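Only one structure is covered here, and it is reproduced in the block below.
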Amino acid sequence: MARRGRVDRQLVILVITLLCGLLGALLGGLFGDGFLTVSWWLRVLAVLGGTVIGSGVAFFLLTADRPETGRWSPQPERPAPPRPPEPSQPPEPTRPSWPAVQTPPNSQPNRMTPVAHIGDRSEPETYPSTEPARIALPLPGGSAPPSNGTATRQWWAETPSAAAPSDRREPPALRRSPAPPLSSYDVESALIAQCPRCGEFRLDVSHVARAYAFQCRNASCGNTWSWTPGTPWPPVVVRRNLPGGSAPDGASAERG
Amino acid sequence: MHDGMYSQSVTRSDPGCIVILLDRSDSMKAPWSGTGASLAEGAALVLNNILLDLCITATTEVNAPVRHYFDIGVFGYGARVTTPGEGVESAFGGPLAGRGLVPLPELANRPLTVREEPSADLMSVSAKIPIWVEPVRGYRTPMCEAIAVAGGHVFDWAGAHPNSFPPIVINITDGMVTDSPYDGVALPEWVTRLTAIETSDGPTLFFNVFLSPTQAPEIIFPASPAGLPPPGPDLFAMSSQLPRPMVENARADGLDVQPGARGLAFNVGRSTLLKVLQIGTRVPDRPF
């Protein structure tokens, strides 16, 4: 649509230029026909004048500002406004939280040479996020990041996973894989699986490559672990009195 | 308020997180009454002792490696060392300089140095201990920026450990915050942002320890701001309520902790600072 508009515009310009040129030529011709007794050089001037006028109109149209595209501007750039001077000191606090216990803020700072030897600086430790943190109170982000450089993002405004308060202590459900066919059941290699942390028998299990990922269904436990066939099962400790939960039936009490 | 929360134990699969915000302002040069050292030196000494305690607690057998029960961060605010000026930076020195949260086993293996230090609880003996944090002081108190910087690390950590005991952030300061509002936000709201970070076991805990260079009555884990001298009421409002395991720890140590007690210690001496940090960082662990 913009391209068609540009073509139309150029066509108009050309037509105007041509008409102006013709007008100049006509005027020159009229003069030459005796409407006015003019010399030949006046005729030439008339033609030239018409051409100049037409060219001027064309030039004006071609070089006018195009606010819709903004790709070029014949206008000279306005000089940038002068930057405000950098504040020599950070602004004073608007309202101190408590009375000053130390020297006033504008006193000369007394730098003490630190004793520590600062060695090689490695990259700050970062942890790959397996799940985003749950934030109970999403807050609007600030306008500028902290100046130190370490926390340059607005972490307080990042979207956490949508965890309702009732999800607290509720272990996330694992994807359940279908039960293997009974024909593959080998009683000699059967293993009675218990949660190593609380002794619970109710477990969710999924197959991950060669290993199995387990999750305890005890709402007070929610322990997760993996096990690879051929390796020993992790030691099991039966805990009846996990906070917030009821004792598994028949479980013996043992303090962890 | 804490029903069902703060009950997770620290394990190697679900480690905990402890972050210390250490005031490095110029006022920390004041002598700490009865210790013969400045607030900065005393705080660094106690901090190094606490870190050593954590390493020892995480060693379940003789000569066994330290278990990854915690990720530790110490951020100093005020004078900066690595980039001279005022701001916030990791307070670790030596091979851990510039690091944010460091796993406990790595912390144990990479101290800045080992040297003879006086006893943190004012006993007459001295001992060789590893040093991770050196005393630094200067400039003012950018506490809001400290929370902003530490908050980013805590946020990432909570995302990576959604089922762990919630992060514990302990702020050690001696004076007035000088950068509130920071980035357009006042200190109480920065604290709200920090404590809004949570795991499945509850929100981040934010505790405050106020150091005083003069002899003054110590107030430990108050249940009400009534009677607290300034800036006690402000610090009380910003401090998280003590969770049940820590209340039990405190009572086991002989402290009278009432229901609703907050994680605030006011006008503490050096030995009390050590005790408070021990209580605040002692989370039940499991031998996994």
Sorted from largest down, give the three principal axis spans of the alpha carbons of chain B, whole angstrom values. 44, 44, 39
Long-range amide H contacts for B:Phe266: which residues qualify at under 5 Å (H placed 1.01 Å from N, peptide plane, sequence gap of 5 or more or a different chain)? B:Phe210, B:Ile219, B:Ile220, B:Phe221
For B:Val10, what residues show an amide H to amide H distance below 5 Å, using hydrogens built from the backbone and excluding near sequence neighbours? B:Asp285, B:Arg286
Residue-wise HN-Hα coupling along the stretch B:244-260, computed from phi with Karplus coefficients 6.51, -1.76, 1.60 (Hz; x: Gly, Pro): 4, x, 6, 4, 5, 4, 5, 5, 5, 8, x, 8, 8, 10, 8, x, x
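Considering Cα pairs under 8 angstrom that are at least six residues apart, work out the relative contact order of chain B and quote it in whole percent.
Values: 634 pairs, mean separation 67.9, N = 288.
Relative contact order for chain B comes out at 24 percent.
Shielding by partners for B:25-36, please: the mean number of other protein chain Cβ atoms within 10 Å of each residue's Cβ. Please report the intermediate quantities before stating the final value.
Numbers: counts 3, 9, 4, 2, 4, 3, 0, 0, 0, 0, 0, 0.
So the per-residue partner count for this stretch is 2.
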Could you tell me the distance between the Cα centroids of the stretch B:47-95 and the stretch B:232-256, to the nearest Å? 23 Å
Residue-wise, which Karplus ³J(HN,Hα) couplings in Hz belong to the stretch A:216-232, taking 6.51 cos²θ - 1.76 cosθ + 1.60, θ = phi - 60°, and x for glycine or proline? 6, 8, 5, 4, 8, 10, x, 4, 10, 7, 10, 8, 10, x, x, 9, x
Label point at A:Arg202 placed 7 Å out along Cα→Cβ; residues across the stretch A:215-235 whose backbone nitrogen lies under 13 Å: A:216-222
For peptide B:180-186, how many partner chain Cβ atoms fall within 10 Å of a residue's Cβ, on average? 5
So for the stretch B:27-126, taking the charge dipole from beta-carbon charges (+1 Lys/Arg, -1 Asp/Glu), which of B:Gly87, B:Gly42, B:Cys55 sits furthest toward the positive end? B:Gly87
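Please give me, ordered by residue number, the GluC sites (Glu not before Pro) of the stretch B:41-107 that lie in loop per DSSP and have at most 15 other Cβ atoms within 10 Å.
Answer by residue number: B:Glu61.
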Could you pull out every residue, at least 5 positions away or on a different chain, whose amide H is within less than 5 Å of the one on B:Ile131? Hs are placed 1.01 Å off N in the peptide plane, and Pro or chain starts have none. B:Leu112, B:Thr113, B:Val114, B:Arg115
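If you count, for every residue in B:90-98, the Cβ atoms of partner chains within 10 Å of its Cβ, what is the mean?
On the way: counts 5, 1, 3, 6, 5, 4, 5, 7, 9.
Average per residue, whole number: 5.
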Of B:Phe236, B:Leu211, B:Ser271, farthest towards positive along the dipole that unit charges on Lys, Arg, Asp, Glu beta carbons give the stretch B:183-288: B:Ser271
³J(HN,Hα), Karplus 6.51/-1.76/1.60, whole Hz, each residue of the stretch B:22-27, x for Gly, Pro: 10, 5, 10, 6, 5, 5
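What does the C-alpha gyration tensor say about the overall shape of the stretch B:76-163? Classify as rounded when a/c is under 1.5, otherwise prolate if a/b is larger than b/c, or oblate. The partial results should precede the final answer.
Numbers: a/c = 1.99, a/b = 1.29, b/c = 1.54.
Oblate, since a/c reaches 1.5 and b/c is not below a/b.
Under the classification rounded if a/c is under 1.5, otherwise prolate if a/b is larger than b/c and oblate if not, where does the stretch B:73-221 fall, given a ≥ b ≥ c as square roots of the Cα gyration tensor eigenvalues?
Values: a/c = 1.43, a/b = 1.21, b/c = 1.18.
Rounded shape, in that the Cα axes give a/c under 1.5.
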If you place +1 on the Cβ of every Lys and Arg, -1 on the Cβ of every Asp and Glu, and leave all else neutral, what size is the dipole of chain B about its Cα centre, to the nearest 20 Debye? 360 debye
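Taking 0.36 nm per residue of separation and subtracting the Cα-Cα distance, what length does fully extending A:Leu18 through A:Leu48 add?
Working: separation 30, 0.36 × 30 = 10.80 nm, distance 1.27 nm.
Going from the current span to full extension adds 9.5 nm.
Every read-out reported here was derived from the displayed coordinates using simple, explicitly stated rules and does not represent laboratory data. The structure presented is a predicted model; accordingly, all values stated were derived computationally and were not measured. Note: ideal-geometry Cβ built from the backbone for every residue, glycine included; neighbour counts use all protein chains shown.
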